[in-house]
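*Asks:* One structure is given below, represented as structure tokens, and several questions about it will come after.
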Amino acid sequence: MTSVLVLNGPNLNLLGIRQPDIYGATTLPEVEQMCRSHGAAGGFDVTCAQSNHEGALVDAIHAAKGVHNGIVLNAGAYTHTSIALHDAILSTEMPVVELHLSNIHAREAFRHRSYIAPVAIGMICGFGVAGYSLALDALIGHLGGRT
């Protein structure tokens, strides 16, 4: 069975509480359940993880190789600062879909730069929590699976 890791970065544990006008009212546990249900309906397995710590995210990317077929990554603010995440993705050679709840290109200028984009197969941004299903479908499609 195809297996996907949905990996969330800093402050995403505060979904539903932090700036709901930007990020929505859906909580991270609700997003994770939605992802697992979407995966089950599409015939693939979804594992979810979240950390506020850059090194833990790097470790999760490394650990995904050989366990998962690809990663949906919402790196949060680390998107714009982390060469370490860029290098981790590059070193595992796994397909990664970059995901953002908000449209990062319509926000502050510092959010326009992504260190993830050059090593991702694509980016989904601006669709709120619906972006998780879109990202999962894109990744599964890339892997040649059904959605």
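*Asks:* Could you compute the net charge surrounding Ala88? Neighbours are other residues with a C-beta less than 14 Å from the C-beta of Ala88; K and R count +1, D and E count -1.
*Replies:* Surrounding charge for Ala88 is -4.
*Asks:* Something else about it: Work out the FRET efficiency for Ser91 and Met1 from their Cβ-Cβ distance, taking R0 = 30 Å, and round it to the nearest 0.05.
*Replies:* With R0 = 30 Å, the Cβ-Cβ based efficiency is 0.75.
*Asks:* Now for a different question. Between Ala77 and Ala40, what FRET efficiency follows from the Cβ-Cβ distance if R0 is 41 Å, with the result rounded to 0.05?
*Replies:* 0.85
*Asks:* Go through 70-79, 51-60 and give me the packing order, highest mean Cβ count within 10 Å leading.
*Replies:* Packing order, densest peptide first, comes out as 70-79, 51-60.
*Asks:* Sticking with this structure for a sec: Points 7 angstrom from Cα along the Cβ direction at Asn103 and Leu143: gap in nanometres?
*Replies:* With each label point 7 Å from Cα toward Cβ, the separation is 3.0 nm.
*Asks:* Can you tell me how the stretch 95-147 classifies by the Cα gyration tensor, rounded, prolate or oblate, using a/c under 1.5 as the rounded cut?
*Replies:* Oblate is the answer for the stretch 95-147, as a/c is 1.5 or above yet b/c matches or exceeds a/b.
*Asks:* Between Ala84 and Ala117, how many nm apart are label points set 7 Å from Cα along the C-beta direction?
*Replies:* 2.3 nm
*Asks:* Which whole-number value in Å³ per residue fits the convex hull of the alpha carbons of the stretch 60-110?
*Replies:* Roughly 78 Å³ of hull volume per residue.
*Asks:* Still on this structure, I have one more. If the chain between Ala49 and Lys65 were fully stretched, how many nm would it gain, using 0.36 nm times the residue separation less the Cα-Cα distance?
*Replies:* 4.3 nm
*Asks:* 222 nm [θ] for the chain, helices only, -39500 (n - 2.57) per DSSP H run of 4+, per residue, to 500?
*Replies:* Rounded to the nearest 500, it is -11000 deg cm²/dmol.
*Asks:* Based on the Kirkwood radius over alpha-carbon pairs, what value in µm²/s does the Stokes-Einstein equation return for the translational diffusion coefficient of the chain at 4 °C and 1.567 mPa s?
*Replies:* 87 µm²/s
*Asks:* Next up: Hey, what did the chain get for relative contact order, percent, Cα under 8 Å, at least 6 apart?
*Replies:* Taking the mean separation of contacting Cα pairs over the length of the chain, I get 27 percent.
Each reported figure results from applying straightforward, stated rules to the coordinates on display, with no laboratory input. Keep in mind that this is a model prediction, so the values were computed, not measured. Glycine gets a Cβ as well: all are built from the backbone with ideal geometry, and neighbour counts include every protein chain shown.
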